[in-house]
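The values are calculated or read from the model by the stated rules, or taken from the named source; none is laboratory data. The structure presented is a predicted model; accordingly, all values stated were derived computationally and were not measured. Cβ coordinates were reconstructed from backbone atoms using ideal geometry, including for glycine residues, and neighbour counts include every protein chain displayed.
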Amino acid sequence: MEEQKDLFDHLKLGKIDTPDATYFDQLAKNVIASQEVKVIPLYKKPIVWLSSAAAAIVILVVVNYSAPEESTDALLALNDIPTEDVLAYVDKHIEDFDVEMLSEMVPSENIEAIQLSEPIENNPITTPKTEETKINFDNIDTEDILDYINSEEIDIYDLDEFELL
Amino acid sequence: MTKHPEDDDIVHLFKKGGNHTNTAFNQIVAKYGDILYRQIRAITKNHEFTNDVLQNVLVKVYQNLAKFKGDSALYTWMYRIARNETLNFLDKEKRRTGIDIDEPILEIMLGHSSLDSMTSEKISDLLTRAVNTLPEKQAAVFQLKYFEELKYSEISKKLNTSEGALKASFHHAKQKIEVFILDQLNH
């Protein structure tokens, strides 16, 4: 029992190596850096963008479904546009359309009818603009014509009679 | 000797938030970093391990100090975190091959029959295990008095406890440790 009381008197405590103050300063900085919240502006958060896009889609869907009369009215209003205006518009913007888009806009049962239909009377597209497109060769100098043929490397013997007229 | 702010002031500053939090945290590390370091290293016996554990401890301190209610002294609270983190770490790090281990923290003096056949490594391990069996507050007192060799007046400030209570606590801690070690030696 006596030995138990003296135990610590027979133990010598060694020194534990301890880093200097700079180590602890750096350690504190590391911990703070790891814990500080990075503040991201709301508009930079992807979730905000996704939420906004989703909300916009929902609104569009709801508006489209909740206002069918307006869509119908808009389509009916197209009937009031004169055919000539429509054709003029199409002629002017024909480069903006592609075949796929045009075919999607036409009901499949009508495609054959369109292909078989006669040219519309006075259709500025199907009716040749004889007056405007006809070239008056009388006013063109013969040398200019020959220069053109040479520059285009056209063999005059390849041209048929109709073209020459 | 560096004059550190009082614990209550540090905690109050930490809870203010913003830059105050970081300032207070730096004060905590400056005041208690080395003590916590030695507490951990006495068990892990290696700087790299100690560094890892201490970093985890400080992260927990940073994350939880705002919720600290002052039911115990600040050091006692951190001592508990450090002890738990160290023991958890040791559970995960069973293998220590190829790691440089510190010299034993205790050296055996001649004259005690029970210690004659002991090595310094063995008695150091027993002491560490014995301290870990103590109640938290008692272990903290023993840590500060025996390993840190602080005066009772200094410990009193850190633990918000009277010097008389600290003397009694340290005395009981030593008795329990002696019983634990001798019991282990006799089996």
Please work out if B:Ile43 is β-branched (Val, Ile, Thr), at pLDDT below 95 and crowded, with 18+ Cβ neighbours inside 10 Å. yes
Find the helices (runs of 4 or more DSSP H) located wholly in the stretch A:13-123 whose residues include 2 or more that are modelled with pLDDT of 65 or more and over 31 Å from the mean Cα position of the chain (by Cα), and list them. A:21-35
Leading residue by the ranking (farthest from the other protein chains (Cβ to nearest Cβ)) among those in the stretch B:33-83 that are without any contact (Cβ under 8 Å) to a residue 12 or more places away in the chain and charged (D, E, K, R): B:Asp71
Candidates B:Lys158, B:Lys167, B:Lys174 - the one that is within 18 Å of B:Arg80 (Cβ to Cβ) and under 18 Å from the mean Cα position of the chain (by Cα): B:Lys158
Which ones in the stretch B:173-187 are more than 10 Å from chain A (Cβ to nearest Cβ) and either within 15 Å of B:Ile155 (Cβ to Cβ) or among the hydroxyl-bearing types (Ser, Thr, Tyr) (or both)? B:Ala173
Requiring at least 2 residues that are in contact with a strand residue (DSSP E or B) (Cβ under 8 Å, 6 or more places away or on another chain) and surrounded by 18 or more Cβ atoms within 10 Å (Cβ to Cβ), the helices (runs of 4 or more DSSP H) wholly within the stretch B:108-162 are B:120-133
Listed by first then second residue, the pairs whose first member lies in the stretch B:141-165 and is in contact (Cβ under 8 Å) with a residue 60 or more places away in the chain, whose partner is surrounded by fewer than 22 Cβ atoms within 10 Å (Cβ to Cβ) and among the β-branched types (Val, Ile, Thr), with beta carbons under 7 Å and at least 6 positions apart or on separate chains, are B:Glu148/B:Ile35; B:Leu159/B:Thr76
